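Visitor: One structure follows; several queries about it will come next.
Read the figures in this text as sums done on the coordinates, not as results from a lab. None of the values given here were measured: they were computed from a predicted structure. No Cβ is skipped: glycine too gets one built from the backbone with ideal geometry, and neighbour counts run over all protein chains shown.
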Amino acid sequence: MVNLRLSIADFVIDLINKSELPIKLEDGYSDFVLEESTATASVQVIAHAGIPDSLQPATKPIYSADFEGNKLWEIFRIEDGLLFHVYSSTEPYQLQQVAKLNADLTVWDIYSEPVLDDQKSVLFPLLYPMGPLVMYYLTAKFDAIMIHGSGISDNGLGRIFTGVSGQGKTTMAKLWFDAGAEVLNDDRLIIRNQNGTYQIYNTPMFYQDEQRSAELKAIYSIHHSKENTLIKTEGASAVAGVTPNLIQHGYTKDLISHHLKFVTQMIDTIPVYKLGVVPNNSVVEFIRDYDR
Amino acid sequence: MDLNQIARNKQNFATKKVGEDLVLVPMKDNVAEMNAMFTLNEVGSFVWDNLNEESTRELLSLAIAEEFEVDEATAKTDLEEFLLQIQDMMNG
């Protein structure tokens, strides 16, 4: 029995509770809960209470993610899929969850230690960073990618500003917000190929926000500059401008090929620009003028 | 680094054809290094596709000359440029 349905980037995620404890989600998910839907789920998440000893890996991890010196998760290959050890983002090296993902990337079994919430024992099956992992493997399964970037909708025109940390993604979001555009998200986005058009979506964050999306019209790989500059890139150069900023677990050629294939198809219809940015409102008008 | 070593190292790259170019993504310790992505032009892409452990400089130069209808000296120059690029990347 499905206990909760989520809609993220128009993917339906079914949460099934196999424990006696209630399941809860972080506040950021509240606007992504589907109240009534008969849509087919893209992925099932089965929540279990407690981490069984039997889920200790027998091999070394094939991938390990760290952030500021703390381990966030490890991935192990197992006979029928992948095994994840997910660590607390607030208590270093504290094992938070163990999760199994089937080989088809469609069913998660997530074993979480119960936590106290309002003095009641509950499970948070998608507690960060577990939720983003589920989202990432959704994109790996389907015709979609996750990207670090600021996404905005400027009178319905979806634009993504991407680049390495410190190049001004969040600043761009603020400048566009001040200029009247809708900010979809300033950190993490999903792009989906919907029958040849590309749609940008926000995803649940640690703070509450409504579901947002827009049709993608252009991607800008940004860098600081003394003047606003825009150069359209083509072919491999465009791929190289976008791909390094994808959220990715590049431990198999299959995953890399999935990402490269998506981007290569996308740049056939979506222009990719190198954008030199002066971080003030002049850059907004500069881009709008370019489009006129 | 000789041709055979380069040919053996090919397995450590994920590749994607983009138009006439070839995008290479190095895999280090089984993890892709997207920031070290590398692009080969049409000639480089052709050499990459045809490079194997049996390859010699002479055979590859001849193949380039035939494929791109250039003289042998030009083909040799193109091959050496490719080899320099590829060694830089693999040593990267």
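Visitor: Where the centre of each part is set by its Cα atoms, how far does the range A:63-130 sit from the range B:9-28, in angstrom?
Guide: For the range A:63-130 versus the range B:9-28, the Cα centre distance is 32 Å.
Visitor: For the range A:4-141, take every pair of Cα atoms, bin their distances at 10 Å starting from 0, and report each bin as a whole percent.
Guide: Per 10 Å bin, starting at zero, the Cα-Cα P(r) for the range A:4-141 comes out as 12, 43, 36, 9, 0 percent.
Visitor: A further question follows. Using Cβ contacts closer than 10 Å as the measure, can you line up A:Glu35, B:Glu66 from fewest to most?
Guide: Taking fewest neighbouring Cβ atoms as first place, the list is A:Glu35, B:Glu66.
Visitor: Here's something else I'd like to know. Only Cα pairs within less than 10 Å get springs; with that Gaussian network setup on chain A, which residue of A:Gln199, A:Gln94, A:Gln211 has the largest fluctuation?
Guide: Answer for the Gaussian network model of chain A: A:Gln94.
Visitor: A follow-up question, please. Taking a ≥ b ≥ c as the square roots of the eigenvalues of the Cα gyration tensor of the protein assembly as shown, is the shape rounded (a/c under 1.5), prolate (a/b larger than b/c) or oblate?
Guide: The shape class here is oblate.
Visitor: Describe numerically, in nm with one decimal, the distance between label points set 7 Å from Cα along Cα→Cβ at B:Leu84 and at A:Asp254.
Guide: The modelled label-to-label distance comes out at 4.1 nm.
Visitor: Arrange A:Phe161, B:Phe13, A:Phe177 by Cβ neighbour counts within 10 Å, fewest through most, would you?
Guide: A:Phe177, B:Phe13, A:Phe161
Visitor: At 0.36 nm per residue, minus the direct Cα-Cα distance, what do A:Glu215 and A:Thr106 gain on full extension? Give it in nm, one decimal, please.
Guide: Full-extension gain reported as 36.6 nm.
Visitor: A follow-up question, please. Around A:Gln94, with a cut-off of 12 angstrom between Cβ atoms, what is the net charge of the other residues, counting Lys and Arg +1 and Asp and Glu -1?
Guide: Here the charged neighbours net out to -1.
Visitor: When A:Leu25, B:Leu40, A:Leu189 are ordered from fewest to most other Cβ atoms inside 10 Å of their Cβ, what list results?
Guide: Neighbour counts put them in this order, fewest first: A:Leu25, B:Leu40, A:Leu189.
Visitor: Considering chain A as a Gaussian network with a 10 Å cut-off on Cα pairs, which listed residue, A:Leu34, A:Leu246, A:Leu123, attains the greatest mean-square fluctuation?
Guide: Among A:Leu34, A:Leu246, A:Leu123, the largest GNM mean-square fluctuation belongs to A:Leu34.
Visitor: Compute the acute angle (0 to 90°) between the alpha-carbon long axis of helix A:282-291 and the principal axis of greatest extent of the alpha-carbon atoms of chain A; round to the nearest 10°.
Guide: It is inclined by approximately 80 degrees.
Visitor: Counting pairs of alpha carbon atoms under 8 Å apart in space and at least six apart in sequence, what relative contact order in percent does the range A:4-141 give?
Guide: 23
Visitor: Follow-up question, since we're still on this one. Once amide H atoms are placed 1.01 Å from N in the peptide plane, what residues at a sequence separation of 5 or more from B:Thr39, or on another chain, have their amide H within under 5 Å of its amide H?
Guide: B:Leu24
Visitor: As a check on your grasp of the helix formula, calculate [θ] at 222 nm for chain B: sum -39500 (n - 2.57) over DSSP H runs of n ≥ 4, divide by the residue count, round to the nearest 500.
Guide: -16000 deg cm²/dmol
Visitor: Charges on Cβ only, +1 for Lys and Arg, -1 for Asp and Glu, centred on the Cα centroid of the range A:144-291; of A:Ile270, A:Val183, A:Ser213, which one is farthest towards the dipole's positive end?
Guide: A:Ile270
Visitor: Pick from B:Asn41, B:Asn52, B:Asn30: which residue has the top mean-square fluctuation in a GNM of chain B where Cα pairs under 10 Å get a spring?
Guide: Sorting by GNM fluctuation, first place goes to B:Asn30.
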